[in-house]
Amino acid sequence: MPVPRSRPEQFVPSGWDSGTPERKAKFVNSLLRFIVDGFPRERFTRSLYLGLSNHGYFGFIAHYDIHGFYAERLSTSERQACFLRDLTRDCEREAGLDRPDLWTDVKAALAKQLLVEPDEASSRRPRQFPPMGARAASRRDDAPTLF
């Protein structure tokens, strides 16, 4: 699947060396290509890891290192679907803000590309859990209650 290329002209400097327009464009292009190619482990680079866990303010914690991040967020199809859902939600939520220091210009570019087709959305729908209170909680007398 062809991925539209982002250009540095689309982005504003963040004020940090890690947030130049060129680096932001490279990050967006690398991340989208990584996703389209099916999250191959060998293509999860240090710059992608740092962009997601540190520089880009996406809210993903570092998981200590690149290997832990990949294992926790990207190693299975279920984790990949959750990652995409979280990334898309966060990008859409912050895309309208005027905060290039928080990479909102990057998030706006990603939000446009990450919108899922309706047919694909149904296959990625998370498991539905019963509403709160639908099942009575079991009583446990092994510890005192606080109320």
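Here are the numbers for this structure:
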{"quantity": "For P13, net neighbour charge (Lys/Arg +1, Asp/Glu -1) across residues whose Cβ lies under 13 Å away", "calculated": "-2"}
{"quantity": "Cα centroid separation - segment 88-104 against segment 1-46, whole Å", "calculated": "15 Å"}
{"quantity": "At R0 = 41 Å, FRET efficiency that the Cβ-Cβ distance of Y64 and E9 yields, to 0.05", "calculated": "0.70"}
{"quantity": "Long-range HN-HN contacts of S75 with modeled amide H, under 5 Å", "calculated": "none"}
{"quantity": "Order by protection proxy (mean Cβ within 10 Å, highest first), peptides 41-50, 100-109", "calculated": "100-109, 41-50"}
{"quantity": "Zone of L50's modelled label, taken as backbone nitrogen in segment 1-39 under 18 Å from a point 7 Å along Cα→Cβ", "calculated": "13-32"}
{"quantity": "In nm, spacing of pseudo-spin labels at D101 and Q80 (7 Å Cα→C-beta vector)", "calculated": "3.7 nm"}
{"quantity": "Rounded to whole Hz, the Karplus (6.51, -1.76, 1.60) HN-Hα couplings of segment 15-24, x for glycine and proline", "calculated": "x, 10, 4, 6, x, 6, x, 5, 5, 5"}
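None of the figures in this text is laboratory data; all of them are computed from the coordinates on show. Given the structure is predicted, the values throughout are model-derived calculations rather than measurements. Every residue, glycine among them, receives a Cβ derived from its backbone with ideal geometry; neighbour counts consider all protein chains shown.
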